[in-house]
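The values are calculated or read from the model by the stated rules, or taken from the named source; none is laboratory data. Keep in mind the model is a prediction, meaning the values are calculated, not measured. Neighbour counts are summed over all protein chains in view; Cβ atoms, including those assigned to glycine, are modelled from backbone coordinates with ideal geometry. When the accessible area is computed, the model is the full protein with side chains, heavy atoms only, and any ligands, DNA or RNA have been set aside. Shrake-Rupley method; radii C 1.70, N 1.55, O 1.52, S 1.80 Å.
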Amino acid sequence: YNSYGLTECSGTITVTPRGATLRELNQTVGRPVMPGCLRVADDSGTCVPPGVVGEVQIRGPHVFAGYLNRADASARALTPDGWLRTGDLGSLDAQGNLQLHGRTHEMFKSGGYNVYPREVETVIESLPGVQLCAVVATPDPLWGEVGTAFVQGDPQALSPARLREHCQALLARYKVPKRFIVRSALPLLPVGKVDKAELMREAARHGDR
C-alpha cells in the first residue's frame, strides 16, 4: 500500500486500494479515504480537471484549526472556506488516484512554462546508473529560470551529454535542465532528504560563472 497524509490532517488522506495495479502503486498514492475531503485546485481555488497539475487541498473534521500562536501562518495555510493548502502539487487520474508532482515552492517558470522538478528528477532517475537526482531553479537572463540537475552516480559513467540526451528523448525541450552536475554524493539534511537549499546556492554560483 501507498498512503499520503500530513500532520495538519491527523494522518492518512489517501491510500491505494486492495489489489491496486502496478501503475497505481508505482505512480500514485491512492484515493481519498473520505468522499469530498480532497481537491486539486489552481491559484484561484477552482478545481482542475483530471490530469492537470494543481495544489492538493484538504477539508474536513480531521483538518487542524491552525498553528498555535501563529495567526499569520494559519491564515496562509487555510482558505476562507476551510480548505488546507498543503503546498503539495498533484493531479488526479481517471480513477481518482492522486499523483504527486512536488512542492509548490519548488515549481519554476522557464520561458513562461511551468516546470515541476519532481517530473524531471523521475525521468533522470530512470537512467541506469543514476542513484539520486535533485533539480533546482537557477536564474537565467533569457528564460527567467532554468533547471540545474544535480545527479548522484559515477561521474565516469554519467556524462552531462548522456544525461541531456536521455532527457531530450523523454521531456519537452523547456523541461530539460540547462546544466547537469554529476557527483558521487548529494548533500542531505538530518532527516535524510536532499538539501535543496544548499544546491540552489551552488547552482546560483555556477550560473554566475
**Request:** Starting from segment 88-106, take each residue that is over 16 Å from residue 38 (Cα atoms) and touching a residue at least 60 places away in the same chain (Cβ under 8 Å) and list its partners that are open to solvent by 20 Å² or more (accessible area, probe 1.4 Å) and not in a strand (DSSP E or B), counting only C-beta distances under 9 angstrom and pairs at least six apart or across chains.
**Result:** 106/116; 106/118; 106/196
**Asked** Is it the case that some residue within segment 158-165 is surrounded by fewer than 18 Cβ atoms within 10 Å (Cβ to Cβ), in contact with a helix residue (DSSP H, G or I) (Cβ under 9 Å, 6 or more places away or on another chain) and without any contact (Cβ under 8 Å) to a residue 60 or more places away in the chain?
**Response** no
**Asked** Which of the residues that make up segment 1-54 are without any contact (Cβ under 8 Å) to a residue 40 or more places away in the chain, open to solvent by less than 70 Å² (accessible area, probe 1.4 Å) and in contact with a helix residue (DSSP H, G or I) (Cβ under 9 Å, 6 or more places away or on another chain)?
**Response** 2, 17, 37
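May I ask you to say which residue of 148, 86, 138, 122 is at negative phi, in a helix (DSSP H, G or I), among the polar types (S, T, N, Q) and surrounded by 14 or more Cβ atoms within 10 Å (Cβ to Cβ)? I'd like the intermediate steps shown before the answer.
Working: 148 fails: in a helix (DSSP H, G or I); 86 fails: in a helix (DSSP H, G or I); 138 fails: in a helix (DSSP H, G or I).
None of the other options fit; the residue is 122.
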**Prompt:** When you go through 29, 15, 40, 33 one by one, which is the residue that is more than 30 Å from residue 113 (Cα to Cα), of a type outside the set (Gly, Ala, Ser) and at pLDDT 95 or above?
**Reply:** 15
**Request:** Please verify whether segment 178-200 includes one or more residues that are assigned to a loop (DSSP other than H, G, I, E, B) and of a type in the set (Ser, Thr, Tyr).
**Result:** yes
**Request:** Check off (1) under 30 Å from residue 32 (Cα atoms); (2) open to solvent by 50 Å² or more (accessible area, probe 1.4 Å); (3) of a type in the set (Ser, Thr, Tyr) for residue 116 and give me the number that stays unchecked.
**Result:** (2)
**Residue list for segment 166-177, restricted to those being open to solvent by less than 60 Å² (accessible area, probe 1.4 Å) and assigned to a helix (DSSP H, G or I)** = 166, 167, 175
